[in-house]
């Protein structure tokens with residue numbers, strides 16, 4: 001009989017404690033934290049899926065090819081959200097997590113230092129995808145090398161040199177060193193001080209008109225005198241062409257300038273050293 005009474009009292013005590021907990025602020029806050037964690041996990045999943053979809057569209061690759069790294073990021077973010085949610089719920093319910101947080105902080109610092117370059121590549125890769133700073137086929141310059149972007153992922157960008165067709169791979173964390181080239185080209189022409197200036201202006205103006213007719217040249221303009229050097233006056237012609245055609249057009253422009261100057265008997269000077277000899281009388 002007494003055992004039955006004690007058992008009933010114990011059950012009533014458990015029910016009272018359970019009722020108190022489920023109606024307490026701790027339980028409500030715990031539920032809210034779980035809801036927030038669920039929302040964040042859904043946002044991460046959808047964000048990564050959207051990123052993969054846009055990346056596949058921009059690069060022309062399959063979702064599987066561009067999704068390898070983003071899916072790893074999704075797993076990392078999912079883990080972070082779950083850990084933070086669990087620690088927060090423990091703390092709300094009176095469980096001391098200070099030592100656990102300290103341990104996680106040390107581990108996170110070590111992991112962060114070892115992965116910082118990797119994460120920088122991912123962040124800058126996302127920046128390329130979202131801002132469309134360049135796309136496959138654009139001409140860029142990287143550390144003096146001008147080339148065509150032949151592929152890029154969230155980690156690296158591959159550039160094929162236009163001079164020797166070699167391929168270089170650039171980590172996306174160095175993307176701030178890459179410049180996208182435009183259509184503008186300048187062509188400097190050194191001529192002797194002894195040449196008739198008015199004749200030079202006339203001839204170079206006529207040459208500029210012929211440069212406009214070169215295939216690939218969008219427009220050209222003769223700018224006139226731009227610099228006085230020790231042994232020559234520098235004249236300039238500016239023209240515009242697709243950067244992919246830069247060298248093809250460049251050689252045609254050189255040929256046009258050379259032939260035009262020779263036809264008018266205007267000599268292109270070479271570096272000379274003038275030696276003046278004085279004799280005592």
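The values are calculated or read from the model by the stated rules, or taken from the named source; none is laboratory data. A quick note: this is a predicted structure, and the numbers were derived from the prediction, not measured. When we count neighbours, we look across all protein chains shown, and the Cβ atoms used for this are built from the backbone with ideal geometry, even at glycine.
A few points about this structure:
- Meets criteria (closer than 23 Å to residue 148 by Cβ, touching a strand residue (DSSP E or B) at 6+ places or on another chain (Cβ under 7 Å) and modelled with pLDDT under 95) for residue 234: no
- Hits in the stretch 134-160 (condition: without any contact (Cβ under 8 Å) to a residue 24 or more places away in the chain, within 12 Å of residue 180 (Cα to Cα) and under 12 Å from the mean Cα position of the chain (by Cα)): 149
- When residue 181 is tested against (1) farther than 14 Å from residue 141 by Cα; (2) touching a residue at least 24 places away in the same chain (Cβ under 8 Å), just one condition goes unmet, and that condition is (1).
- Pair list, Cβ < 6 Å and 6+ apart or interchain, from the stretch 245-271 residues that are assigned by TED's automatic domain parsing to the domain that holds residue 211 and in contact (Cβ under 8 Å) with a residue 60 or more places away in the chain to residues that are surrounded by fewer than 17 Cβ atoms within 10 Å (Cβ to Cβ) and part of a loop (DSSP other than H, G, I, E, B): 249/216
- Yes/no for residue 206 being in contact with a helix residue (DSSP H, G or I) (Cβ under 6 Å, 6 or more places away or on another chain), in contact (Cβ under 8 Å) with a residue 24 or more places away in the chain and assigned to a helix (DSSP H, G or I): no
- Some residue of the stretch 264-276 being at pLDDT 90 or above, closer than 16 Å to residue 196 by Cα, surrounded by 11 or more Cβ atoms within 10 Å (Cβ to Cβ) and out of contact with any strand residue (DSSP E or B) (no Cβ under 9 Å at 6 or more places or on another chain): yes
- Picking from residues in the stretch 39-50 that are touching a helix residue (DSSP H, G or I) at 6+ places or on another chain (Cβ under 9 Å) and free of Cβ contacts under 8 Å to residues at least 40 places away in the same chain, the one that is nearest to residue 93 (Cα to Cα) is 44.
- Residues (part of a helix (DSSP H, G or I) and over 15 Å from residue 187 (Cα atoms)) located in the stretch 230-244: 244
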